[in-house]
Amino acid sequence: MATADSPRPGRRRTFDRARALELAMFEFWQRGFDAVSMAELTARMGIAAPSLYAAFGDKRALFREVVDTYTGSYGAFFDRALAAEETVGRGVHRALRAAAIEYTRPDRPRGCLILSAAVNCGTASADVEALLRERREANTAALREQIAADIAAGVLPVATRADALARYVGAVLQGMSQQARDGADATDLLAVVDVARAAWQAETATP
């Protein structure tokens with residue numbers, strides 16, 4: 001039997017796909033992949049199970065789309081901040097300050113979906129863990145390349161350890177995300193950013 005939100009042949013869907021996707025994103029972001037059931041997703045999204053499968057595929061396919069959507073929307077602040085500055089050092093500082101604000105906004109789940117959605121995943125969800133790990137590693141690699149470019153251009157000292165510095169930034173972001181989920185506010189995280197900036201400056205100081 002067709003429900004109000006399930007399309008009959010020749011009829012378009014009556015639910016807002018983008019809104020349904022965002023609601024699913026917030027569930028995964030807040031609770032993690034394994035903790036959210038398909039029944040809870042359909043209830044949260046306000047659609048019947050057949051419509052969810054027709055529109056998004058299974059739970060894993062939905063999650064992959066959620067990750068892509070998050071990366072291009074809520075999670076895009078870091079790349080925007082880097083692109084807005086002439087040097088990678090200034091860009092990283094700007095991006096970390098943006099993270100302190102974004103991770104603690106009251107109108108959305110705290111922290112970062114890419115950093116937290118695979119926490120406590122079981123062995124059956126190893127592919128989900130791998131997906132998010134690959135995204136994090138790709139982000140680290142991209143930052144490492146930008147640091148290396150500034151070294152090559154003479155902006156940073158030759159002795160700068162590009163890989164260690166990129167991984168350090170990733171570690172700071174992960175820590176800030178968890179701190180936000182534990183209740184830290186923007187002021188708390190901005191203080192962390194000040195310390196991280198001092199560490200960056202010490203690492204990149206000319207001998």
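Could you please give the count of residues in the range 14-73 that are of a type in the set (S, T, N, Q) and within 14 Å of the chain's Cα centre (by Cα)?
Number satisfying all stated conditions: 4.
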When (1) of a type in the set (K, R); (2) crowded, with 20+ Cβ neighbours inside 10 Å; (3) not assigned by the TED database to the domain that holds T140 are applied to R110, the one that fails is (3)
Restricting attention to the range 151-207, the residues that are in a helix (DSSP H, G or I), of a type in the set (K, R) and touching a residue at least 40 places away in the same chain (Cβ under 8 Å) number exactly 2
Exception for V88 within (1) touching a Ser or Thr at 6+ places or on another chain (Cβ under 7 Å); (2) under 28 Å from A148 (Cβ atoms) falls at (1)
Those residues of the range 19-46 which are assigned to a loop (DSSP other than H, G, I, E, B) and open to solvent by less than 10 Å² (accessible area, probe 1.4 Å) amount to G32, F33, V36
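Yes/no per residue for (1) more than 16 Å from G91 (Cα to Cα); (2) surrounded by fewer than 18 Cβ atoms within 10 Å (Cβ to Cβ); (3) among the charged types (D, E, K, R):
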{"residue": "A138", "(1), (2), (3)": "yes, yes, no"}
{"residue": "A148", "(1), (2), (3)": "no, yes, no"}
{"residue": "A152", "(1), (2), (3)": "yes, yes, no"}
{"residue": "R167", "(1), (2), (3)": "no, yes, yes"}
{"residue": "G175", "(1), (2), (3)": "yes, yes, no"}
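The values are calculated or read from the model by the stated rules, or taken from the named source; none is laboratory data. It should be emphasised that the depicted structure is a prediction, and the values quoted were computed from it without experimental measurement. Don't worry about glycine lacking a Cβ; one is built from the backbone with ideal geometry, like all the others, and counts go over all protein chains shown. With ligands, DNA and RNA removed, areas are computed over all heavy atoms of the protein, side chains included. Shrake-Rupley method; radii C 1.70, N 1.55, O 1.52, S 1.80 Å.
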